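The values are calculated or read from the model by the stated rules, or taken from the named source; none is laboratory data. Note that the coordinates shown come from a computational prediction; the quantities given were computed from them, not determined experimentally. Cβ: placed from backbone, ideal geometry, glycine included. Neighbour counts: every protein chain shown. Ligands, DNA and RNA are stripped out before the accessible areas are found, and what is left, the full protein with its side chains, is counted by its heavy atoms. Shrake-Rupley method; radii C 1.70, N 1.55, O 1.52, S 1.80 Å.
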Number of protein chains: 2
Amino acid sequence: MPHPEDCQYCAKDRRLTEIMIEICTLQVSTLYLFREQTYRGRCIVALNVHQTELFSLDDETLRQFSKDVAKAAHAVQKAFKPGKINYAVYGDLVPHLHYHIVPKYMDGDCWGKPFEMNPSGKKILNDEEYGTIIRAIKKHLAA
Amino acid sequence: MPHPEDCQYCAKDRRLTEIMIEICTLQVSTLYLFREQTYRGRCIVALNVHQTELFSLDDETLRQFSKDVAKAAHAVQKAFKPGKINYAVYGDLVPHLHYHIVPKYMDGDCWGKPFEMNPSGKKILNDEEYGTIIRAIKKHLAA
């Protein structure tokens, strides 16, 4: 499927960069840090090609995408030691396949409930703080 | 990891059967129909062994589980033609790996927003209605 111009994950324009920061590329996807950090370490793993459903992927791409998601989640787990990772593909309005990787903490927001997509008391950090989180994730991706 | 007795996905006891109905087994998982059908066709794909994170699976199990999830979602897509499938692994309190497969409809509940885990205006059907939905999913699983 061609990259449609109106898709923010294909265009990688301000619609994307305003809400996430690229960390690195993985096998078939790109890992981003979600700027809103109510859930410390929250990331997005976006497929590099424009597909909208898991069943639209060929077997090898699905295998690699699943590995990328697991690898990213594992790095977040090792870096921040949450009680559980939540994984979600929504995309009703932005259907390009992307997983939300959301670490949940037993003493943190929404433990035992679905994470909030856009928490109202937004936790936006400064560049130095984002840098610290990104370095921690990268360190554990490489390990 | 052994099947802990306090896990409803391992015990398959009333805690499970009160909220879902087994449809069939897949390669490494079991497909259930979620009794609450606000999102027509909503299912759960639960891994057959007790693991709690995607990164805890060996490569082959992760590959097969991902295929099972994609296959179930595809059957739901073909049976009910939603606008988008949502996929989510939460499990803070019930950590045994299970995907919620939630078909979303453009004119339906929560389009463009995360699905409700337990909708307040619960849509509980009768056995005949569940049977109709299960047959439609099974037909497309086999296709």
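Look at (1) facing chain A (nearest Cβ under 9 Å); (2) over 25 Å from B:A143 (Cβ atoms); (3) crowded, with 17+ Cβ neighbours inside 10 Å and you find that B:Q77 fails only one, number (2). Quick one: what pairs do we get from the stretch B:126-141, first residue of a type in the set (D, E, K, R), second open to solvent by 20 Å² or more (accessible area, probe 1.4 Å), C-beta under 8 Å, 6+ apart or different chains? That search, which allows pairs on different chains as well, returns B:K138/B:C24; B:K139/B:A79.
Put simply, of A:M1, A:M106 the only residue that is modelled with pLDDT under 95, out of contact with any helix residue (DSSP H, G or I) (no Cβ under 7 Å at 6 or more places or on another chain) and open to solvent by 20 Å² or more (accessible area, probe 1.4 Å) is A:M1. Annotation note: of A:A88, A:A72, the sole residue that is more than 7 Å from every other protein chain (Cβ to nearest Cβ) and within 13 Å of the chain's Cα centre (by Cα) is A:A72. Within the stretch A:111-125, the set of residues being over 18 Å from the mean Cα position of the chain (by Cα) and either surrounded by 12 or more Cβ atoms within 10 Å (Cβ to Cβ) or under 22 Å from A:A75 (Cα atoms) (or both) comprises A:W111, A:G112, A:K113.
Can you find, within the stretch B:34-69, the residue that is farthest from the chain's Cα centre (by Cα) among those that are surrounded by 22 or more Cβ atoms within 10 Å (Cβ to Cβ) and among the small types (G, A, S)? Restricting to residues being surrounded by 22 or more Cβ atoms within 10 Å (Cβ to Cβ) and among the small types (G, A, S), the top hit is B:S66.
A single member of A:F65, A:F55 is within 9 Å of chain B (Cβ to nearest Cβ) and free of Cβ contacts under 8 Å to residues at least 24 places away in the same chain, and it is A:F55.
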